[in-house]
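Participant: Okay, handing you the structure first.
What follows draws every value from the coordinates through simple rules; no lab data is involved. What you see is a predicted model, and the numbers here were worked out from it, not measured in a lab. Every residue, glycine among them, receives a Cβ derived from its backbone with ideal geometry; neighbour counts consider all protein chains shown.
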Amino acid sequence: MAKKTPTIDEQLRRLEEIRQQLEAADRPIEELVALYEEGMAIAKRLREQLASIRQRIITIGGQVEQDDSVPPSAD
Amino acid sequence: MNEHVLTVSLLTQAISQVLEEEFPLVHVLGEVSNYKRHQSGHRYFTLKDEGAQIRCVLWRGRTVPFELQDGMQVKVRGRLSVYPLQGNYQIDCWSVQPAGVGDLYLAFEQLKKELAAAGYFDPERKRRLPRLPQIIGVATSPSGAAIRDILTTLERRNPAATVVFRPTLVQGADAAEDIARALAELESFGCDVIIVGRGGGSIEDLWAFNTRTVADAIFRARVPIVSAVGHETDVTIADFVADVRAATPTAAAELCTPIRREDVLLWLDDWVERTRTALASRLDQAELLIADFLSPTTSRMLSLHHEHLRFQLINAVERLRAAALRSLDTCLQQQEQLRSAIALLHPLGPLDRGFALIERDGRILPAIEQLAPGDQLRIHRLRDSATASVTSVFDPVYQLATHDG
């Protein structure tokens, strides 16, 4: 599967990076503001992504003639 | 009694009939010796005790869940059969069990020892599970509780992950092979982590997970494998080889979703808060600098500075004035001196000191002109004047030493 859009993990890592840079505050304010804006956009997108998401299940291959027919596992 | 002559074949046939009919099913306890595995897959050995021995054969296809070894105490189950070509009899074994311990247990222990020696269980080769896997592979039966538990748990915790489910045989003769294939397929699909397992069952039910085939498949996998076989108390070889062993399928799904959707949302809230604070504090700093620059304190500092400058200026001016005054004094003094000097040069100055001017014919008589008797003179002194007539003339009484005339 080609990863065209950044994964949630990648986005989270980017946000973490941005936060560290903002907290270090060793850059010009213009850059910090730009970073902040980038981060806010990512955070917003992530939130929407997570809110709307539904589990996707893909079933592949395999032929099954038999099952392990057991009662629901006790946990 | 007639002498009845038999052929070897007929006799052997008769013996065979007797033995095979008399011993259609035997359970025999003895020690394995002279064990040989033929290329054809058939296995031959001798079962013996202190007083006797008997040949045994285990045909290809008769599986024994452990590898036979010479010296092993076993219990074989089979029937007697005669091999006419060599004129011997043997036990045609259907199954071989270790005497004393369960055969599966023995097989388990053997394989475990072997794989441990081969480094399959080394902690160093255990991989860490991804913290936010995008694609989670699942190899288990489509009908058991395991798949249900796994899917529900994954959905609940991290619906952002895609689940790739490979329906898999998890028990029976073909299970081990199918599990191995399933792992390979899921890996090539691009899964970030794979859950392999099944619900609980007897040791026989779980047996596929105790095979070398499955152990190898897990060992070869390049993505982390989470095993979840049976219940908490069931431990299989697969569990030892897997990167992480989960007590149950639900636990496996939880291990694959260490970060839940709520965690991410909370983290995002925290992120927003922290970055906002960080940026705000940076901006505050800048503002403070500006405010500070414009503050009364600073202005006061600036005017203080001014004051200092002014003071310096005043000082300088003072010094200058002083200097000027000093030079003016000098100037005045010089002027006075000059004035005195000039006063000394005044033609009437000498009158001050008692000298007199002599006028003849209306003009001051120069020193070099001679007087003669009968001259009418006018004598000027400081405070009075007089006229006089010259009666006689004499040589000078006072001579100026420096004045040579």
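Participant: Sticking with the crude label model, points 7 Å out along Cα→Cβ, report the distance from B:A367 to B:V397 in nm, one decimal please.
Facilitator: In this crude spin-label approximation the distance works out to 1.8 nm.
Participant: Next question. Which whole-percent values make up P(r) of segment B:350-389 when all C-alpha to C-alpha distances are grouped in 10 Å steps starting at zero?
Facilitator: Result returned by the calculation: 30, 55, 15.
Participant: For B:A117 and A:R14, what does the FRET efficiency come to when R0 = 30 Å and r is the distance between their Cβ atoms, rounded to the nearest 0.05?
Facilitator: About 0.10, to the nearest 0.05.
Participant: Mind putting a number on the dipole of segment B:350-389 about its Cα centre? Charges go on the C-beta only, +1 for Lys and Arg and -1 for Asp and Glu, and I need it in Debye to the nearest 20.
Facilitator: Values: 6 positive and 6 negative charges, 28 e Å.
For segment B:350-389, the charge dipole is close to 140 debye.
Participant: Using a ≥ b ≥ c from the Cα gyration tensor of segment B:8-100 (square roots of the eigenvalues), is it rounded, prolate or oblate, where a/c under 1.5 gives rounded and otherwise the larger of a/b and b/c decides, a/b for prolate?
Facilitator: Details: a/c = 1.84, a/b = 1.56, b/c = 1.18.
Prolate.
Participant: Ok, one more. Of the options B:L25, B:Q69, B:G87, report the single residue whose Cα projects farthest towards the positive end of the charge dipole of segment B:8-100 (beta-carbon charges: Lys, Arg +1; Asp, Glu -1).
Facilitator: Working it through, the farthest residue towards the positive pole turns out to be B:Q69.
Participant: So for the pair A:R47, B:T213, with labels modelled 7 Å out along Cα→Cβ, what separation do we get in nm?
Facilitator: In this crude spin-label approximation the distance works out to 5.3 nm.
Participant: What's the magnitude of the charge dipole for segment B:108-259 around its Cα centre, counting Lys and Arg as +1 and Asp and Glu as -1 at the beta-carbon? Answer in Debye, nearest 20.
Facilitator: 480
Participant: Which of B:A367, B:A388, B:P350 sits closest to the plus end of the dipole of segment B:350-389, meaning its Cα is farthest towards the positive end, when Lys and Arg get +1 and Asp and Glu get -1 on the C-beta?
Facilitator: Value: B:P350.
Participant: Test of understanding: ordering B:D49, B:D243 by Cβ neighbours within 10 Å, fewest first, what list do you get?
Facilitator: Sorted ascending by nearby Cβ count, the order is B:D49, B:D243.
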